[in-house]
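Participant: One structure follows; several queries about it will come next.
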Amino acid sequence: MKSYLRSKLPPKIWQGIVSTKAQTMYMVEFMSSLVSGKRDIRLRALKRLGIRFVTVPVNNYRMKIDLRDTIISKWLYLYGCWEPYESGLMKELLQPGMIVVDVGAHIGYYSILAATSIGHDGHVYSFEPAPENYGLLTSNVEINRLIESITAENAAVLDDASETRLYLSSYNTGDHRIYQTDPIDDNIFNAGQSRKDLMSIPAVRIDDYLGELGVSKVDMVKIDVQGAEMGVLLSARETLRRNPSLVLFIEYWPHGLMLCGTDPSTLLTFLTKDLGFALYLIDSEQRQLNEIVDPILFAAQACTEDPSVQIDLLACRSRDTIDALTSLGTPI
C-alpha cells in the first residue's frame, strides 16, 4: 500500500507527509478511500492535503481539473462526466468534419467532447475569458493531443469587439461574469462573498473572428456565458443566418440575462423571429426534448422561477434534426 500510495502523490506532498497529527489523519482517510473506492472521501482528503490540480478520466478521455471548483470540476471528479443528457445529445448530433464554436468553454469539457467526435477533418473554436480556466483548457487540449483540432482563445465574446471586465466567483469557476453583481446575487451564487474584479480582458466578435480566418461554414455553436448570451448571439448573427442547418446549444438563465441588461423574452424572440430557429427545452431529468411553441409565454413563466434555475435550450431550423434524436417530449 505504501508504494502504491507513493506513486499517486507528488514528491513534495509525500515528503514529510506524516509530520503532523492532522496530516496523518488525512493520509488515513486518503488510504481508506483508495480501498473503499469512495471518491467523495478521496476528494475531501486530496483537498485537505493541499492538492489543487489532478487529472481524471472523463468520458473516453482525460482532463486536468481544479479541486477548488465546487461545481463542474467536482462533478467530473466524482462522476467522470458533466450534464450527461446534454452531452449525449451533442455527441449524437456531431459528425466527422463538422465545425464547432464553443463560447464559454471553461476548462474544455464540451470542446474536447466535440473534437473527439468530429475527427481530424473537423475543428473546434473555443473562447474562454478567465485566465485560469483558459490555462486548464489549453492543458486539456494538450493532454488529449488535440492541438490540431481545437483553437482556444483567451477572450470574451461580445458584439462590441474591444475589451470588458470579468468579475470572478470564488465558489464556482464556471460562474465568472462580465457584469458586476449585487449583494443579494452574491449571497445566492457566491457564498455571500463579493466578486473579485479582474483587469480588463479582450473581447471578440464571432463574425469578425471567423471572417478573418475565412471560416464560413459552422455546424454547431454552444453558448454558456452566465447571462451574456445576447451579446454573443449579436456578434454571431451573420454566421447563424448563413448556416441553415446549424444547431445551437444555449443556456437560458432569465436572472442572469436581466442582470446583464437583457429582457429574457428578447433573446427568445431574436432566436425565433430574427434567426428562424425552433426552440426545444432540454429536460435532463426526464431525458427528453420539449418544443417551446410560445416563446413569450415560456419567457414569462421562466421569469417567475427561482433565480438559480438555469435552462438549457436546443435551437435548430429543421425538424429532421430533432427526428434524428431518440429522446423526445411533448410541446410546452
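The values are calculated or read from the model by the stated rules, or taken from the named source; none is laboratory data. It should be emphasised that the depicted structure is a prediction, and the values quoted were computed from it without experimental measurement. Please note: Cβ atoms are built from the backbone with ideal geometry, for glycine as well, and neighbour counts cover all protein chains shown.
Participant: For residue 300, work out the one condition from (1) closer than 21 Å to residue 90 by Cα; (2) at pLDDT 90 or above; (3) not in a strand (DSSP E or B) it doesn't fulfil.
Facilitator: (1)
Participant: Within region 219-275, restricting attention to residues that are closer than 15 Å to residue 100 by Cα and acidic (Asp, Glu), which residue is farthest from the chain's Cα centre (by Cα)?
Facilitator: Selected residue: 219.
Participant: Pick from 247, 293, 221: which is buried (at least 22 other Cβ atoms within 10 Å of the Cβ) and out of contact with any Cys (no Cβ under 9 Å at 6 or more places or on another chain)?
Facilitator: 221
Participant: Which one of these does residue 138 not meet: (1) closer than 21 Å to residue 248 by Cα; (2) out of contact with any Pro (no Cβ under 9 Å at 6 or more places or on another chain); (3) of a type outside the set (D, E, K, R); (4) assigned to a helix (DSSP H, G or I)?
Facilitator: (1)
Participant: Do we have any residue at all in region 234-249 that's outside any helix (DSSP H, G or I), of a type in the set (A, V, I, L, M, F, W, C) and modelled with pLDDT under 95? Lay out the reasoning, then the answer.
Facilitator: Narrowing region 234-249 to residues outside any helix (DSSP H, G or I): 236, 242-249.
Going one step further and asking which of them are of a type in the set (A, V, I, L, M, F, W, C), we end up with 236, 246-249.
Narrowing further to those that are modelled with pLDDT under 95: none.
Scanning region 234-249 turns up no residue that is outside any helix (DSSP H, G or I), of a type in the set (A, V, I, L, M, F, W, C) and modelled with pLDDT under 95.
Participant: If you go through region 139-165, how many residues are exposed (fewer than 15 other Cβ atoms within 10 Å of the Cβ) and more than 25 Å from residue 227 (Cβ to Cβ)?
Facilitator: Within region 139-165, residues that are exposed (fewer than 15 other Cβ atoms within 10 Å of the Cβ) and more than 25 Å from residue 227 (Cβ to Cβ) number 4.
Participant: Here's another thing I want to ask about it. For residue 145, which of the numbered conditions (1) farther than 22 Å from residue 245 by Cα; (2) touching a strand residue (DSSP E or B) at 6+ places or on another chain (Cβ under 9 Å) fails to hold?
Facilitator: For residue 145, the failing item is (2).
Participant: Condition check: within 18 Å of residue 135 (Cβ to Cβ) and over 17 Å from the mean Cα position of the chain (by Cα). Does residue 62 satisfy that?
Facilitator: Numbers: within 18 Å of residue 135 (Cβ to Cβ): yes; over 17 Å from the mean Cα position of the chain (by Cα): no.
Considered against the rule, which asks whether it is within 18 Å of residue 135 (Cβ to Cβ) and over 17 Å from the mean Cα position of the chain (by Cα), residue 62 comes out as no.
Participant: State whether the residues of region 95-107 include one that is in the same structural domain as residue 153 (by TED's automatic domain parsing) and free of Cβ contacts under 8 Å to residues at least 40 places away in the same chain.
Facilitator: Step one: filter region 95-107 for residues in the same structural domain as residue 153 (by TED's automatic domain parsing), giving 95-107.
So of that shortlist, the ones also free of Cβ contacts under 8 Å to residues at least 40 places away in the same chain come out as 96-97.
Yes; the residues of region 95-107 include at least one that is in the same structural domain as residue 153 (by TED's automatic domain parsing) and free of Cβ contacts under 8 Å to residues at least 40 places away in the same chain.
Participant: Could you list all residues from region 50-66 that are surrounded by fewer than 17 Cβ atoms within 10 Å (Cβ to Cβ) and touching a Gly at 6+ places or on another chain (Cβ under 6 Å)?
Facilitator: Once the filter is applied, which keeps residues that are surrounded by fewer than 17 Cβ atoms within 10 Å (Cβ to Cβ) and touching a Gly at 6+ places or on another chain (Cβ under 6 Å), region 50-66 yields only 57.
Participant: Right, another one. Collect the residues in region 258-274 that are part of a helix (DSSP H, G or I), out of contact with any strand residue (DSSP E or B) (no Cβ under 7 Å at 6 or more places or on another chain) and among the hydroxyl-bearing types (Ser, Thr, Tyr), keeping them in residue-number order.
Facilitator: Those that are part of a helix (DSSP H, G or I), out of contact with any strand residue (DSSP E or B) (no Cβ under 7 Å at 6 or more places or on another chain) and among the hydroxyl-bearing types (Ser, Thr, Tyr): 265, 266, 269.
Participant: Give me a count of the residues in region 222-254 that are more than 20 Å from residue 177 (Cβ to Cβ) and either touching a strand residue (DSSP E or B) at 6+ places or on another chain (Cβ under 7 Å) or not hydroxyl-bearing (Ser, Thr, Tyr) (or both).
Facilitator: Going through region 222-254, the residues more than 20 Å from residue 177 (Cβ to Cβ) turn out to be 237-248.
Narrowing further to those that are either touching a strand residue (DSSP E or B) at 6+ places or on another chain (Cβ under 7 Å) or not hydroxyl-bearing (Ser, Thr, Tyr) (or both): 237-238, 240-244, 246-248.
Result for region 222-254: 10.
Participant: Out of all the residues in region 262-278, is one or more assigned by TED's automatic domain parsing to the domain that holds residue 161 and touching a residue at least 60 places away in the same chain (Cβ under 8 Å)?
Facilitator: First pass over region 262-278, keeping only residues assigned by TED's automatic domain parsing to the domain that holds residue 161: 262-278.
Narrowing the set further to residues that are touching a residue at least 60 places away in the same chain (Cβ under 8 Å) leaves none.
There is no residue in region 262-278 that is assigned by TED's automatic domain parsing to the domain that holds residue 161 and touching a residue at least 60 places away in the same chain (Cβ under 8 Å).
Participant: Keeping to region 117-141, report how many residues are at negative phi and out of contact with any helix residue (DSSP H, G or I) (no Cβ under 9 Å at 6 or more places or on another chain).
Facilitator: Looking only at region 117-141, we keep the residues that are at negative phi, and these are 117-118, 120-141.
So of that shortlist, the ones also out of contact with any helix residue (DSSP H, G or I) (no Cβ under 9 Å at 6 or more places or on another chain) come out as 118, 120-121, 129-135, 138-139.
So the count comes out to 12.
Participant: Considering only residues of region 278-304 that are under 17 Å from residue 248 (Cα atoms) and polar (S, T, N, Q), which is nearest to the chain's Cα centre (by Cα)?
Facilitator: Here the residue is 284.
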